[in-house]
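For reference, the structure discussed in these notes is given below.
The values are calculated or read from the model by the stated rules, or taken from the named source; none is laboratory data. What you are looking at is a predicted structure, and each value in this text was computed from that prediction instead of being measured. Cβ coordinates were reconstructed from backbone atoms using ideal geometry, including for glycine residues, and neighbour counts include every protein chain displayed.
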Number of protein chains: 2
Amino acid sequence: MKNYLLTPGPTPVPHEALKAMARPIIHHRTPRFQAILKEVEEDLRYVFQTKTDVLIFSSSGTGAMEGALSSLLSPGDKAVVVRGGKFGERWGELCSSYGIEFIPIDVEWGKAVEPQDIKKILEEDTSSQIKAVYVTLCETSTGVATDIESIAKITKPFGAVLVVDAISALGAVPLKTDEWGIDVVVAGSQKGLMIPPGLSFVSLSQKALGLVQRSRLPGYYFNFSAYKKAIEKNDTPYTPAVNLIIGLNEALKMIKNEGLDNVLNRHKNNARAVRDAVRALGLELFAPEAYSDAVTSVKVPEGVDGGRLVKTMRDKYGVAIAGGQAQLKGKIFRIATMGYITAADLDVCIETLEKVLQELGYRFTKGAGVKVLKESLK
Amino acid sequence: MKNYLLTPGPTPVPHEALKAMARPIIHHRTPRFQAILKEVEEDLRYVFQTKTDVLIFSSSGTGAMEGALSSLLSPGDKAVVVRGGKFGERWGELCSSYGIEFIPIDVEWGKAVEPQDIKKILEEDTSSQIKAVYVTLCETSTGVATDIESIAKITKPFGAVLVVDAISALGAVPLKTDEWGIDVVVAGSQKGLMIPPGLSFVSLSQKALGLVQRSRLPGYYFNFSAYKKAIEKNDTPYTPAVNLIIGLNEALKMIKNEGLDNVLNRHKNNARAVRDAVRALGLELFAPEAYSDAVTSVKVPEGVDGGRLVKTMRDKYGVAIAGGQAQLKGKIFRIATMGYITAADLDVCIETLEKVLQELGYRFTKGAGVKVLKESLK
C-alpha cells in the first residue's frame with residue numbers, strides 16, 4: 001500500500017533530500033562539511049528572513065525551546081506565556097522547570113491571543129521584571145495561527161524580548177523575523193523545512209543576544225553562547241547531526257529555487273482548499289477565526305468516532321492525518337499542508353476522508369469535498 | 001576519489017542502514033514506528049548488556065551527558081570527575097555549569113586513572129556528599145581505555161553512582177553494564193553503533209533511578225523521568241529523530257546477527273593490527289599502557305607536520321583519520337577501528353599512511369606497516 005503522510009510533523013521528505021542523506025557519511029570537521037554548513041546557514045537566514053546568525057541544534061524543537069529559556073533568562077526574571085494549546089503550555093512547563101515565575105495568558109483552545117492582552121501585562125510591569133514573552137506562531141495542537149506582527153510591535157518598546165515558537169510555521173506561513181522585529185525565532189526540521197526530525201534552529205536579535213550574555217540559568221548543550229561562538233568559525237560546538245544537515249541543504253535549495261513567496265503562497269492556497277473542501281462536506285473548522293495555513297483542524301462530526309476515523313484512514317487506506325491531542329483527543333482531526341505536501345496528496349486525502357466518513361455513517365453530499373478542493377486549487 | 005572514513009565518530013554507516021533511512025518517512029505515533037522502537041529498545045539492551053530500559057534522546061552524546069548530571073543531582077551534591085582528556089574535562093564543565101562542586105582527578109593525557117584514587121576520595125567523603133563519579137571509558141581525544149570493571153567494584157558499596165561516558169566504547173570494547181554494576185552508561189549513535197550522529201542513549205540502574213526521582217536540578221529536554229515514563233508506553237516524550245532510529249534498527253540487527261562477542265573480538269583484532277602496523281613503521285603509541293580498541297592514538301614523529309599528515313591523507317588520498325585535539329593538536333594522529341571500519345579499510349589506511357609519511361620525509365622500512373597489519377589480521 002502506498003502511504004501518504006499529511007501529519008503536522010514529520011512531513012514528507014523530498015527524494016532529493018533522502019538521496020543526499022543516503023550518501024556515505026563524511027566527517028564534520030572538514031572543509032567539505034564546512035562548505036555545506038555555510039550554505040545551510042545562508043539559506044536558513046533566507047527562510048528566517050533575517051540577517052543574523054541562525055543557530056543549529058541536534059535535537060527536537062523542544063530542545064531549542066529550552067535553550068530559548070535557559071540561555072536567555074536569569075533567576076528572578078519573569079516571563080509572559082501565551083497558552084492556547086499543548087505547545088503554548090510547554091513554554092509554561094519550561095519556565096516552571098527552571099523556577100521562572102510566569103504570567104500566563106490562557107486562551108481558549110481554537111482561538112488566538114488578543115495582542116492587547118500582552119500589552120496590558122507589559123505596561124503593568126513597572127519594575128521591568130518581565131524579560132521575555134513566549135508565544136506560539138502556529139499552535140500545532142489546535143491549528144491556530146497567532147498575529148505575531150502585531151505582537152512584535154507591542155513588545156518592541158519594552159525591555160522584554162519576544163520569543164516565537166515557529167516550529168510549525170517556518171517555511172509554511174509568513175514570518176518576517178527582522179522586519180517585524182522578532183527577537184527569538186525557534187524552528188524545527190520536520191515541518192516546513194521538509195527534513196526528518198532531529199534538528200532545531202534559533203535566531204537571535206541584538207536585544208536577545210544582550211540577554212544571552214547576561215543569562216545566569218544553568219545549561220550546557222543548549223547554551224546559545226557556545227553555538228554563537230562556533231558558528232562564527234563555521235563550526236558546531238558538538239558533533240552535529242551530519243546527514244540531517246546534508247539533507248537540509250537540499251531541502252533549503254528547493255525552497256530557494258521555488259522562491260519563498262511562492263512556497264508561502266502554495267501553502268496558503270493548499271490550506272484554503274482544504275478548508276473549503278471540509279466545509280463542503282458539512283464539517284466545521286475548529287479554529288474558523290484564527291486558522292493556520294500549516295495545519296487545518298476540523299471538528300469530528302457528531303456520531304463519528306474521531307480515533308477510528310484517523311486509524312481507518314491510516315491503516316485501511318494508507319493516508320496518515322493526525323487526531324486531536326490532550327483535551328482535544330477524539331474531538332478534532334488535523335490535516336497538514338506543510339512542506340512537501342502537494343495538491344495531489346490533498347486530493348487523495350480528501351477522497352479518503354470522504355470514503356471513511358461514509359463508512360463511519362456520516363451523511364454528506366458524496367464527492368462534494370473533492371470537487372470543491374479541485375476548484376479551489378485551480 | 002573514493003573516500004575512506006577512519007575517524008573516531010562519525011564512523012562509516014552500513015549501506016543497510018543508509019537504505020533504511022532513505023525510505024519515505026513515517027509518523028512516530030503509529031503502530032508501525034512503535035514496533036520499530038520496541039525492537040530498537042530490545043537490541044539496545046543486548047548491546048548495553050543490561051536488563052533495564054535504555055533511554056533514547058535526539059541529540060549528540062553531550063546532550064545525554066548533560067542529562068546524566070541534571071537528571072541525577074541536586075543542589076549541594078558533590079561529584080568526582082576523572083579528567084584525562086577533552087571528554088573527561090567535559091564532565092567537569094557540565095558540573096560547573098550547574099554549580100555542582102566536583103573533586104577532579106587529573107590524569108596525564110595518555111594514561112588511565114588509578115581506580116584506587118577514586119576509592120580514596122570516596123572513603124574520605126565521610127558525610128556522603130558525593131553522589132556521582134563521572135568517568136570516560138574510551139577517551140576519544142587520547143585513545144585511552146579505562147578499567148571500568150575495577151572502578152565499578154570500588155563505587156558499589158558507596159552511595160555515589162558510577163556514570164560512564166561510553167560514547168566511543170559501546171559496541172566497540174567490552175562493557176558489561178549489569179554484571180559490572182555500572183549505574184549510568186551514556187552512549188551515542190555515531191561510533192560503534194554505526195549510525196550518523198544525532199542519537200544518544202542512557203541506561204540507568206535502580207540506584208541511579210533513585211537519584212533521578214530525587215533530583216532537583218532544573219532541566220526539561222534531558223529530564224530522564226519523562227523519557228522513562230514514555231518508554232514504558234513504548235513512546236518518546238518529544239518527536240524523535242525517526243529516520244535515525246529506523247537506521248539504528250538495521251545497524252543493531254547487524255550487530256545481533258554477527259554476535260556481540262564476535263563484534264568485540266573483531267574490534268580487538270583490528271586495533272591490535274593497527275598498533276602492530278604503526279610500531280612496525282617505527283612510530284610510537286601515545287597510550288602504550290592503556291590503549292583503547294576503539295581508536296589508536298599515535299605520536300607524530302619528529303620532523304613531520306601532524307596537521308599536514310592528516311590533511312594530505314584526506315585531501316590527496318581520500319583517507320580520513322583524525323588529528324589531535326586541544327593540547328595534542330599536531331602532536332598525535334588517531335586511527336579509529338570502531339563500528340563498520342573493516343580490515344580492508346585499515347589496509348588502505350596504513351598503505352596511505354606509509355605513502356604520506358614518505359612524502360613528508362619520515363624514514364622507515366617501506367611496506368613494513370602493511371606487511372605487519374596483514375600478518376596480524378590473519
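So that you can scan it fast, the table gives a plain yes or no per residue for (1) more than 23 Å from residue B:94 (Cα to Cα); (2) of a type in the set (Ser, Thr, Tyr); (3) outside any loop (DSSP other than H, G, I, E, B):
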{"position": "A:195", "(1), (2), (3)": "yes, no, no"}
{"position": "A:201", "(1), (2), (3)": "no, no, yes"}
{"position": "A:209", "(1), (2), (3)": "no, no, yes"}
{"position": "A:220", "(1), (2), (3)": "no, yes, no"}
{"position": "A:226", "(1), (2), (3)": "no, no, yes"}
{"position": "A:230", "(1), (2), (3)": "no, no, yes"}
{"position": "A:237", "(1), (2), (3)": "no, no, no"}
{"position": "A:240", "(1), (2), (3)": "no, no, no"}
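Please specify each residue of the stretch B:228-246 satisfying the condition of being away from chain A (no Cβ under 14 Å) and either buried (at least 20 other Cβ atoms within 10 Å of the Cβ) or in contact with a strand residue (DSSP E or B) (Cβ under 6 Å, 6 or more places away or on another chain) (or both).
If the condition is that a residue be away from chain A (no Cβ under 14 Å) and either buried (at least 20 other Cβ atoms within 10 Å of the Cβ) or in contact with a strand residue (DSSP E or B) (Cβ under 6 Å, 6 or more places away or on another chain) (or both), then no residue fits.
Within the stretch A:282-292, identify whether any single residue is in contact with a Cys (Cβ under 6 Å, 6 or more places away or on another chain), assigned by TED's automatic domain parsing to the domain that holds residue A:363 and of a type in the set (S, T, N, Q), and answer yes or no.
Step one: list which residues in the stretch A:282-292 are in contact with a Cys (Cβ under 6 Å, 6 or more places away or on another chain), which gives A:292.
Filter again for assigned by TED's automatic domain parsing to the domain that holds residue A:363, leaving A:292.
Subsequent filtering for residues that are of a type in the set (S, T, N, Q) retains A:292.
There is at least one residue in the stretch A:282-292 that is in contact with a Cys (Cβ under 6 Å, 6 or more places away or on another chain), assigned by TED's automatic domain parsing to the domain that holds residue A:363 and of a type in the set (S, T, N, Q).
Among the residues of the stretch B:27-34, is there at least one that is hydrophobic (A, V, I, L, M, F, W, C) and either more than 17 Å from residue B:238 (Cβ to Cβ) or part of a loop (DSSP other than H, G, I, E, B) (or both)?
So far as the stretch B:27-34 goes, no, none of its residues is hydrophobic (A, V, I, L, M, F, W, C) and either more than 17 Å from residue B:238 (Cβ to Cβ) or part of a loop (DSSP other than H, G, I, E, B) (or both).
Can you say whether residue B:113 is more than 14 Å from every other protein chain (Cβ to nearest Cβ) and either in a loop (DSSP other than H, G, I, E, B) or polar (S, T, N, Q) (or both), as far as the supplied structure shows?
Values: more than 14 Å from every other protein chain (Cβ to nearest Cβ): yes; either in a loop (DSSP other than H, G, I, E, B) or polar (S, T, N, Q) (or both): yes.
It is true that residue B:113 is more than 14 Å from every other protein chain (Cβ to nearest Cβ) and either in a loop (DSSP other than H, G, I, E, B) or polar (S, T, N, Q) (or both).
Restricting attention to the stretch B:13-72, and to residues there that are facing another protein chain (nearest Cβ under 8 Å) and among the β-branched types (Val, Ile, Thr), which single residue is farthest from residue A:319 (Cα to Cα)?
Of everything passing the filter in the stretch B:13-72, B:62 is farthest from residue A:319 (Cα to Cα).
Looking at the stretch A:202-222, which of its residues are more than 14 Å from chain B (Cβ to nearest Cβ) and either closer than 17 Å to residue A:45 by Cα or of a type outside the set (D, E, K, R) (or both)?
A:203, A:204, A:205, A:206, A:208, A:209, A:210, A:211, A:212, A:213 - these are the residues of the stretch A:202-222 that are more than 14 Å from chain B (Cβ to nearest Cβ) and either closer than 17 Å to residue A:45 by Cα or of a type outside the set (D, E, K, R) (or both).
Scanning for something out of contact with any Gly (no Cβ under 7 Å at 6 or more places or on another chain), of a type in the set (D, E, K, R) and either surrounded by 24 or more Cβ atoms within 10 Å (Cβ to Cβ) or on the phi > 0 side of the Ramachandran plot (or both), does the stretch B:154-168 turn up at least one residue? Can you show your working first?
Applying the first criterion (out of contact with any Gly (no Cβ under 7 Å at 6 or more places or on another chain)) to the stretch B:154-168 yields B:154-155, B:157-166.
Restricting the remaining residues to those that are of a type in the set (D, E, K, R) gives B:165.
Next, from what is left, pick out any that are either surrounded by 24 or more Cβ atoms within 10 Å (Cβ to Cβ) or on the phi > 0 side of the Ramachandran plot (or both): B:165.
Yes, that holds for at least one residue.
Checking the condition over 27 Å from residue B:142 (Cα atoms), in contact (Cβ under 8 Å) with a residue 24 or more places away in the chain, of a type in the set (D, E, K, R) and touching a helix residue (DSSP H, G or I) at 6+ places or on another chain (Cβ under 8 Å), which residue from B:235, B:276, B:293 passes? Give the derivation first.
Details: B:276 fails: over 27 Å from residue B:142 (Cα atoms); B:293 fails: over 27 Å from residue B:142 (Cα atoms).
Exactly one residue qualifies, and that residue is B:235.
Got at least one residue in the stretch A:211-225 being in contact (Cβ under 8 Å) with a residue 24 or more places away in the chain, at positive phi and within 22 Å of the chain's Cα centre (by Cα)?
As a first pass, look at the stretch A:211-225 and keep what is in contact (Cβ under 8 Å) with a residue 24 or more places away in the chain: A:211-212, A:214-219, A:221-225.
Narrowing further to those that are at positive phi: A:219.
Then drop every residue that is not within 22 Å of the chain's Cα centre (by Cα), which leaves none.
No, the stretch A:211-225 contains no residue that is in contact (Cβ under 8 Å) with a residue 24 or more places away in the chain, at positive phi and within 22 Å of the chain's Cα centre (by Cα).
Please verify whether residue B:268 is over 30 Å from residue B:71 (Cα atoms) and in contact with a helix residue (DSSP H, G or I) (Cβ under 8 Å, 6 or more places away or on another chain), treating the condition exactly as stated.
no
Restricting attention to the stretch B:335-377, and to residues there that are of a type in the set (Lys, Arg) and part of a loop (DSSP other than H, G, I, E, B), which single residue is farthest from residue B:307 (Cα to Cα)?
For the stretch B:335-377, the residue satisfying everything is B:366.
Looking at the stretch A:97-120, can you tell me whether even one residue there is buried (at least 24 other Cβ atoms within 10 Å of the Cβ) and among the acidic types (Asp, Glu)?
Checked the stretch A:97-120: no residue is buried (at least 24 other Cβ atoms within 10 Å of the Cβ) and among the acidic types (Asp, Glu).
Would it be correct to say that residue A:331 is free of Cβ contacts under 8 Å to residues at least 60 places away in the same chain, over 21 Å from the mean Cα position of the chain (by Cα), within 13 Å of chain B (Cβ to nearest Cβ) and farther than 25 Å from residue A:189 by Cβ?
Numbers: free of Cβ contacts under 8 Å to residues at least 60 places away in the same chain: yes; over 21 Å from the mean Cα position of the chain (by Cα): yes; within 13 Å of chain B (Cβ to nearest Cβ): no; farther than 25 Å from residue A:189 by Cβ: yes.
For residue A:331, the condition - free of Cβ contacts under 8 Å to residues at least 60 places away in the same chain, over 21 Å from the mean Cα position of the chain (by Cα), within 13 Å of chain B (Cβ to nearest Cβ) and farther than 25 Å from residue A:189 by Cβ - is not met.
Return the only residue of B:9, B:76, B:61, B:67 being touching a residue at least 12 places away in the same chain (Cβ under 8 Å) and over 18 Å from residue A:58 (Cβ atoms).
Selected residue: B:76, the only one of B:9, B:76, B:61, B:67 that is touching a residue at least 12 places away in the same chain (Cβ under 8 Å) and over 18 Å from residue A:58 (Cβ atoms).
Quick one: which residue in A:271, A:251 is within 25 Å of residue A:29 (Cα to Cα) and in a helix (DSSP H, G or I)?
A:251
The conditions are (1) of a type outside the set (Val, Ile, Thr); (2) touching an Asp or Glu at 6+ places or on another chain (Cβ under 8 Å); (3) without any contact (Cβ under 8 Å) to a residue 40 or more places away in the chain; (4) within 13 Å of chain B (Cβ to nearest Cβ), and residue A:96 fails exactly one of them. Which is it?
Just one mismatch for residue A:96, condition (2).
Filter the stretch A:210-245 for residues that are of a type in the set (Lys, Arg) and farther than 29 Å from residue A:75 by Cβ and give the result. Before you say what the answer is, go through the steps one by one.
Looking only at the stretch A:210-245, we keep the residues that are of a type in the set (Lys, Arg), and these are A:214, A:216, A:228-229, A:233.
Of everything in the stretch A:210-245, just one residue is of a type in the set (Lys, Arg) and farther than 29 Å from residue A:75 by Cβ, namely A:233.
Can you tell which of A:74, A:59 is among the polar types (S, T, N, Q), under 15 Å from the mean Cα position of the chain (by Cα) and assigned by TED's automatic domain parsing to the domain that holds residue A:198?
Exactly one of A:74, A:59 is among the polar types (S, T, N, Q), under 15 Å from the mean Cα position of the chain (by Cα) and assigned by TED's automatic domain parsing to the domain that holds residue A:198, namely A:59.
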